[in-house]
Number of protein chains: 2
Amino acid sequence: MPHPLFDKHRALLDAALQAIQTRTYWSPYNEMPSPKTYGETAAEDGKRAFEALLGKKFEITQPGQTGWLGGEQSPFGITLDVQYPVCDAQALVEAGQKAMASWQAVGCEGRTGICIEILDRLNRQSFELAHAVMMTTGQAWMMAFQAGAPHAQDRGLEAVTYAYREQSFVPAEALWEKPQGKNPPLVMKKHFEVVGRGVGVVIGCGTFPTWNTYPGLFAALATGNAVIVKPHSNAILPAALTVRTIRTVLAENGIDPDLVTLCVAEKRETTQALVTNPVVKSVDYTGGNVFGRWLLDHCRQAQVYAELAGVNNIVIDSTDAYKAMLRNLAFTLSLYSGQMCTTSQALLVPAGGIETEDGHKSYDDVCADLARAVEGFLAKPEVALSVLGAVQSADTLGRIAEAQSGALGKVVLASKKLEHPEFPQAEVRTPILLACDAADEKAYMEERFGPISFIVKVADTTSAIALSERIVATHGALTAGIYSVKPEVIDAMTAATWRSKVALSINLTGGVFVNQSSAFSDYHGTGGNPAANASYADSAFVANRFRVIQRRYHV
Amino acid sequence: MPHPLFDKHRALLDAALQAIQTRTYWSPYNEMPSPKTYGETAAEDGKRAFEALLGKKFEITQPGQTGWLGGEQSPFGITLDVQYPVCDAQALVEAGQKAMASWQAVGCEGRTGICIEILDRLNRQSFELAHAVMMTTGQAWMMAFQAGAPHAQDRGLEAVTYAYREQSFVPAEALWEKPQGKNPPLVMKKHFEVVGRGVGVVIGCGTFPTWNTYPGLFAALATGNAVIVKPHSNAILPAALTVRTIRTVLAENGIDPDLVTLCVAEKRETTQALVTNPVVKSVDYTGGNVFGRWLLDHCRQAQVYAELAGVNNIVIDSTDAYKAMLRNLAFTLSLYSGQMCTTSQALLVPAGGIETEDGHKSYDDVCADLARAVEGFLAKPEVALSVLGAVQSADTLGRIAEAQSGALGKVVLASKKLEHPEFPQAEVRTPILLACDAADEKAYMEERFGPISFIVKVADTTSAIALSERIVATHGALTAGIYSVKPEVIDAMTAATWRSKVALSINLTGGVFVNQSSAFSDYHGTGGNPAANASYADSAFVANRFRVIQRRYHV
């Protein structure tokens, strides 16, 4: 008998299966905060639900609780003061492992149905989640809604869909009949059980606490594993809301809710002990290189899926839409003040300048014109505030100050602090643009997270493509771009990205931006360069998270 | 235009795709050395082709050749004296990397067609390969033919088929059309290129130089990678024949043959430098724990697929077919003198004995009866010689001698040296059976490769199942077995194997043996316990060997 939630969501799953096979546009969760989709009172309800969480203890009944911890600081300056349960990590691991038996027993279809039901519930919570994401990360409202809720849910569903495709390909049983010439055949019945590998830990980041957490969370969960969510210390609330909803749906369906727990840890050592626990078999991580490298070096008992730092770059060779190119780049550099792992950091421009439909533009022209384009785009405060959001961390403010000092290159466009009428304490910053030479590798060839970009003067286009390839291969990148009107240049850049293994956006001049990655169509990260060892999402992201255990006997 | 070899093998591929989905019995390569299948003169031709190789230089024109190396010692005592080209490992890596471009360009269908063509050619070479396998490994003729040729080809095709399934699921291109309400949609064309991750190294073992090499070799090759085959120093010839055939087929199809090369290395350091080369992105390894551990610890730039040592075990609780059970076990322990990675090493028997259709049998009865069954089975020399083969390594002879001394447990059945009329210098040995207590963990709880098995006295069935689970979880196993007439015992053992993640054979009393693993149906290894971190073959075995590199632009 099929699981009722599998039946309920079968049509959605079929559409999702079709989407991962065609990778055309598809999304089941409306990215517009529309009353028609979400309900007439959803916006107000969600806001109130969020506000009701503030200044309180966030109750989740988890095993091994030892105390409470809070301390999130909103980049918008509002007071959050939410306290979360602190639980003994070993107790969470043991409870998760114990809960896996019932999760295995419900089978692939049951797990898939329940996971989609969870996503459905999270979707209904989109406004509440969006406020939580906005106020912990500094994302502006629209981005917090879209990336924090429907787009994150898309990525979660994408992982569930790949997981279903792989698990459902394994037959539950087979009758094996081997001919023996004139003798009767050998006949065996075989059963194939899909078994999760163990407890998974998902470590969230401070800027995209749902979008970067849901893929690993749902990939591990759908494939039969328990999951412990370890959020970034400044973006706990979106994770806590998510975990609570998951636990509710699990319990409703007779699954031990301790299958999914929240781990709030005061000390790094707690996390280190958790992720090296022998029972932990997968770790999903988004964040900096230092801890990422530590995880890869120390979590030898687990498969580590890591998204780390990179140096995203764009080669600008030529264009027939100069203004549109500048507008597109201005948006890319401004969006969430460059605090996206996909934002371009290095724009590689030939020393001799570029050809455009508007005539030749020197390197200095390009610098000045891009600076003007960013200034123009952010001229209206309401536009600026709705795009920039607030700066998430003091470290990023420090990096902006360092860049502003001129230590990293000539300041072509200075960063400005904007006032936010609604949130007077918000740390809002416009992008800073620096000009430097290709030889100044120390400046631009490491990730400088935040609204800091370099216009790098390169000998010529060929050198720019070679430099891009080297940057990606050695320092990693999630995105690369090229602007050129010459097919042979685009071909050369394409071949370079095949070797360095990075996704390429070509001549973006409209309403799509290099830093945007659309679930079910764009693979986020290739898994083939140092910026990420896995992609959202593909078969490799799920296939190694479960094992097939067979048994066989004569019949 | 589809690749002609893809067209040629399309029907076979479709059948293989069906087989991996149903995992019922299927094999395209006849396991019987039948003249009808292989040709009336195939047996004689194959033997002559093999003999023509002896005492000569094995020519393969590879880059960076610096000399010649041989030294294989036949366990059957015949003189091989074949010399193989020694090539600079860095030259092989560079040539492989260079050759990958044309291999990528031929696309998934081209690679799949060419890989199946290669397997077809290898199949036609089955007799020659079988002699090479027999004379380098000590396998008896029939096993050498079956496991060395058609069964190995099955496993190769299985890997190619999974690789095709995953690669072909990635669309070559997509038209992405995102609605924008009343405005025109955003439209982008996207291309998705499947790109191999880099150079793969496949390290063979001394006992199954094709069966354990073809899965990794064909998985890496089919997914777009160059492959360097590093055979065991005593089983080079089957690998060399394979590589030469692959290179011939590649060249016929316009692919740079340096895509696949043979690496014969005199020193371990050469192999260590090869596998840690930054360009090497996958390592497939079958062999002992020491070097396996080294690979896992040091090849951090590569995905390592490792099949290591284990302690296969069987719980004997009860049976309604005592004689048939003993016969089955006698065959399992005798086949290739226990030199299979799937042979049972520890038989766990309750101290109080077992119930059978023939009445109660004490622990001592079971020991004595199994010893008699082995003796009886091997009583006829022609049967014994055709099953046992010869002992592959001096280390195994040493382990037999150690066991024979009584140092590891009470000798229930001593190993005997048999004379081989055809090969007077062959080292043929019958199995040794030892009795020991569950507490004697030092004796039985590490792999003692070769015809050495322990009948371990365990308190009761419950303890036996718990012990089996602990053995598998801590020391690994590729196979586990249970004999019981009680469904609740079988269920308990089944649940234990789900936790410890090992394949289970239940009440084998007929013509299937726990150490046999049938391609397209049995998953060889689960990848979930210390004996192997991957399975032959499943999606996880192929999905992480390639990356998808996308590019997108407005249309």
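We did not get these values from a lab; they are worked out from the coordinates using the rules stated. Here the structure is a predicted model, which means the values were calculated and not measured. Neighbour counts are summed over all protein chains in view; Cβ atoms, including those assigned to glycine, are modelled from backbone coordinates with ideal geometry.
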Fill in the blank from the handout: Excluding residues fewer than 8 positions from B:K98 in its own chain, the lysines with Cα under 22 Å of it are A:K501, B:K230, B:K281
Problem - Span from the the range A:360-405 Cα centroid across to the the range A:458-494 one, whole angstrom - result: 23 Å
Problem - Net dipole in debye of the range A:86-210 [+1 Lys, Arg Cβ; -1 Asp, Glu Cβ; about Cα centre; nearest 20] - result: 460 debye
Completion exercise
Fraction of alpha-carbon pairs in the protein assembly as shown farther than 42 Å apart, rounded to whole percent, equals 43 percent
Exercise for the section: Please name whichever of B:Q73, B:A163, B:T136 sits farthest to the positive end of the charge dipole of the range B:4-308, dipole taken about the Cα centre and charges placed at Cβ: Lys and Arg +1, Asp and Glu -1. Expected result: B:A163
Handout entry: Computed magnitude of the charge dipole of the range B:4-308 (debye, nearest 20; Cβ of K, R +1, Cβ of D, E -1)
Key = 700 debye
Handout entry: Partners for A:K182 among lysines (Cα-Cα distance below 30 Å; same-chain residues under 8 apart left out)
Key = A:K190, B:K36, B:K47, B:K323, B:K380
Handout entry: Cα gyration tensor, the range A:18-96 - rounded (a/c under 1.5), prolate or oblate
Key = oblate
Exercise for the section: Multiply the residue gap between B:Q90 and B:W141 by 0.36 nm, knock off their C-alpha separation, and tell me the result in nm, one decimal place. Expected result: 14.6 nm
Problem - Residues B:Q21 and B:L54, FRET efficiency given R0 of 60 Å [Cβ-Cβ distance, rounded to 0.05] - result: 0.85
Practice task
Quickly work out the B:T248-to-A:E419 label distance, labels modelled 7 Å from Cα along the C-beta direction, and quote it in nm with one decimal.
Solution key: 8.4 nm
Completion exercise
Given backbone amide H placed at 1.01 Å from N, residues whose amide H is under 5 Å from that of B:H524, ignoring those fewer than 5 places away on the same chain, are B:Y536, B:A537
Exercise for the section: Would you compute, from DSSP H runs of 4+ residues alone, the mean residue ellipticity of chain B at 222 nm, taking -39500 (n - 2.57) per run and dividing by the full residue count, rounded to the nearest 500? Expected result: -13500 deg cm²/dmol
Exercise for the section: Could you size up the charge dipole of chain B around its Cα centre, putting +1 on the beta carbon of Lys and Arg and -1 on that of Asp and Glu, and report it in debye to the nearest 20? Expected result: 1600 debye
Practice task
Please give every one of the aspartates and glutamates within straight-line cross-link reach of B:K416, meaning a C-alpha to C-alpha distance under 14 Å, and leave out same-chain neighbours fewer than 8 residues apart.
Solution key: B:E375, B:E402, B:E427
Practice task
In whole Hz, with x marking every Gly and Pro, tabulate ³J(HN,Hα) for the range A:546-554 from phi via Karplus 6.51 cos²θ - 1.76 cosθ + 1.60, θ = phi - 60°.
Solution key: 9, 10, 9, 10, 9, 9, 8, 7, 5
Practice task
Can you tell me the FRET efficiency between B:S362 and B:W294 if r is taken as the Cβ-Cβ distance and R0 is 35 Å, rounded to the nearest 0.05?
Solution key: 0.20
Exercise for the section: Take every DSSP beta bridge whose two residues both sit in the protein assembly as shown, then give the antiparallel share in percent to the nearest 5. Expected result: 40 percent
Fill in the blank from the handout: Distance in nm between A:V411 and A:K486 label points, each 7 Å along Cα→Cβ, equals 3.6 nm
Fill in the blank from the handout: Rounded to whole angstrom, the alpha-carbon centroid of the range A:540-555 lies from that of the range B:53-108 at a distance of 36 Å
Practice task
Compute the normalised compactness of chain B: alpha-carbon radius of gyration over 2.2 N^0.38 Å, N being the residue count.
Solution key: 1.01
Completion exercise
Residues whose modelled amide H sits under 5 Å from the amide H of A:A309, counting only those 5 or more places away in sequence or on another chain, are A:N289
Problem - J(HN,Hα) series, the range B:513-527, from Karplus relation 6.51 cos²θ - 1.76 cosθ + 1.60, nearest Hz, glycine and proline x - result: 10, 4, 7, 9, 10, 9, 4, 6, 10, 7, 6, 8, x, 9, x
Completion exercise
So, in nm and shortest first, the distances from A:D358 to its counterparts in the other copies, with label points 7 Å along Cα→Cβ, work out as 9.5
Exercise for the section: List the residues whose amide H sits under 5 Å from the amide H of B:L69, counting only those 5 or more places along or on another chain, with H placed 1.01 Å from N in the peptide plane. Expected result: B:Y84, B:V86
Practice task
Measure off 7 Å from each Cα along the Cα-to-Cβ vector at B:K36 and A:K189, then give the distance between these two points in nanometres to one decimal.
Solution key: 3.2 nm
Completion exercise
By the Cα gyration tensor axes a ≥ b ≥ c (a/c under 1.5 gives rounded; else a/b larger than b/c gives prolate, otherwise oblate), the shape of the range B:313-506 is prolate
Fill in the blank from the handout: Among beta bridges assigned by DSSP with both residues in chain A, the antiparallel ones amount in percent, to the nearest 5, to 40 percent
